[in-house]
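Beneath this line is the structure, given in structure tokens, with notes to follow.
The values are calculated or read from the model by the stated rules, or taken from the named source; none is laboratory data. Model, not experiment: these values are computed from the prediction. Note: ideal-geometry Cβ built from the backbone for every residue, glycine included; neighbour counts use all protein chains shown.
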Amino acid sequence: MAGLACAVQLHRAGRQVRIFEASDAVGGRVRTDKVDGFLLDRGFQVYLDRYPETGKLLDLEALDLKAFEPGALIYRDGRLHRLMDVFRRPASAWSSVTAPIGSLSDKLRVGLLRMKILNSSFEAIATREDRTTEAYLRDYGFSESIIDRFFRSFFGGVFLERALRTSSRMFEFTFKLFGQGSATVPAQGMGQIPKQLAVLLPDGSVQLNQAVQAVGIDSITLKSGECIHGCATVVATDGSAAHALLPGLGGPAPEWRSVTTLYFAADRSPIREAIICLNGSGAGTINNVCVISDAAPCYAPEGQSLLSVSVLGLAEVDGRLVEQVRAELLEWFGPEASSWRYLRADCIRRGLPEQLPTRSAPTSINHAGVWVCGDHLSSASIEGAVVSGKQTAAAILAAKDSS
């Protein structure tokens, strides 16, 4: 996403660009595969429709974004409890207030926190004191109950870690976007997002299945041995790959948050609602479950439903894991889960770069004449990747104009 955003900006400024992609399609971690008529994103992902910079590049109407409900169903004590954004779903106020997820004062604090963050600019959030999200929530007065039963599972799914070590600035940034808009998926899968950016580039400028072996200021060498020359080189890979291509790149390679996503096909949806289900029980393997086809029907063939189940970390995908997950699904949804057909599991080793508090890095780096961009230099999100790519393009243009 960072490389595509950078290339689009350079192309719009009248520069010639060529992208060399090691895999068989654009998008990096934002990919969708078709399996038995189902659309399977590589790991459960969403697009937040209020991303400010990404929204300027994309044709959101053409993506036909399908939104999830602003809230969650939380599994605890053998059943699912509803906890909604009552400012946007006032009819759910009573069920949300009476749900055994935190105290009444916790829920009032959620409202106060919402007001505080929505009234803060992104610039103000970026300058606030930074600490772990867990410390931030405790300092704000939330009880251990709501932290454990809601925040760890909901933001655990966003940050891919339940310890809530992630920067509180990233928490506020994400909370604001959820409060302003919706979590969505394109009607035809998350992979449509990078495909749409690639279409904005001239034919032939994106070359697939072209792994790069070495980079220089004005050239790259492919693994085939071919040398390609240009006037500027951009490394728009994940952080670990960037460090491998550029030994001595500032700071250590990023630590990674991983996730294992299992997909199941069902004859009908167990919830029939576009909403995420969270594990608030404090036990079990599952972190969150979503019937994606309830939001975007095209993700499943007619007459079937597609369930996505997220397990945080890298799990060994074998029959034991599938049966463990199925056993938990039986507890959540009842006997019908026994008939659901297992489709595939995705082990996403490099799901998100870890974002600890007070991590400071420019969104674009010039390393010995080679430019570097990616979400590892910004917020770990689609928006962060796009911001880094756009700012790198601006820096290249400024450097060329001044030389």
In this structure, does ALA394 turn out to be among the hydrophobic types (A, V, I, L, M, F, W, C), crowded, with 17+ Cβ neighbours inside 10 Å and at pLDDT 90 or above? no
Across segment 242-294, what is the total count of residues that are surrounded by fewer than 18 Cβ atoms within 10 Å (Cβ to Cβ), more than 30 Å from ALA368 (Cβ to Cβ) and touching a His at 6+ places or on another chain (Cβ under 8 Å)? 0
Being in contact with an Asp or Glu (Cβ under 8 Å, 6 or more places away or on another chain), touching a residue at least 12 places away in the same chain (Cβ under 8 Å), under 25 Å from GLU255 (Cα atoms) and in a strand (DSSP E or B), is that true of even one residue in segment 310-320? yes
Does ASP85 meet the test of being surrounded by 13 or more Cβ atoms within 10 Å (Cβ to Cβ), out of contact with any helix residue (DSSP H, G or I) (no Cβ under 7 Å at 6 or more places or on another chain) and not assigned by TED's automatic domain parsing to the domain that holds PHE150? yes
Of the numbered conditions (1) in contact with a helix residue (DSSP H, G or I) (Cβ under 7 Å, 6 or more places away or on another chain); (2) more than 17 Å from ASP33 (Cβ to Cβ), TYR342 fails exactly one; give the number of that condition. (2)
Residues of segment 312-334 being within 19 Å of SER281 (Cα to Cα) and touching a helix residue (DSSP H, G or I) at 6+ places or on another chain (Cβ under 7 Å), in sequence order, are LEU312, ARG326, LEU329, LEU330
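So is SER182 modelled with pLDDT of 95 or more and in contact with a His (Cβ under 9 Å, 6 or more places away or on another chain) or not?
Details: modelled with pLDDT of 95 or more: yes; in contact with a His (Cβ under 9 Å, 6 or more places away or on another chain): no.
Spelling it out, it is not the case that SER182 is modelled with pLDDT of 95 or more and in contact with a His (Cβ under 9 Å, 6 or more places away or on another chain).
I'd like the full set of residues that are more than 16 Å from LEU39 (Cβ to Cβ) and either outside the structural domain of PHE333 (by TED's automatic domain parsing) or among the polar types (S, T, N, Q) (or both), limited to segment 264-299. Spell out the reasoning first.
Quick first cut of segment 264-299, residues more than 16 Å from LEU39 (Cβ to Cβ) only: 267-268, 270-273, 275-289.
Matches in segment 264-299: ASN279, SER281, THR285, ASN287, ASN288.
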Output the number of residues of segment 291-320 satisfying the condition of being at pLDDT 95 or above and over 24 Å from the mean Cα position of the chain (by Cα). 4
Name the residues in segment 233-255 that are under 15 Å from ALA385 (Cβ atoms) and either assigned by TED's automatic domain parsing to the domain that holds PHE333 or within 17 Å of the chain's Cα centre (by Cα) (or both), would you? THR237, ASP238, GLY239, PRO254
What's the total number of residues in segment 360-381 that are touching a Gly at 6+ places or on another chain (Cβ under 8 Å), surrounded by fewer than 20 Cβ atoms within 10 Å (Cβ to Cβ) and in a strand (DSSP E or B)? 1
Criterion (of a type outside the set (A, V, I, L, M), in contact (Cβ under 8 Å) with a residue 24 or more places away in the chain and either in contact with a Lys or Arg (Cβ under 6 Å, 6 or more places away or on another chain) or more than 16 Å from GLU383 (Cβ to Cβ) (or both)) met by exactly one of PHE154, PHE159, PHE175: PHE154
Report, ordered by the first and then the second residue, all pairs with beta carbons closer than 9 Å, sequence separation of six or more or different chains, a first member in segment 373-388 that is over 15 Å from GLN9 (Cβ atoms), and a second member that is of a type in the set (Lys, Arg) and outside any loop (DSSP other than H, G, I, E, B). SER379/ARG169; ALA380/ARG257
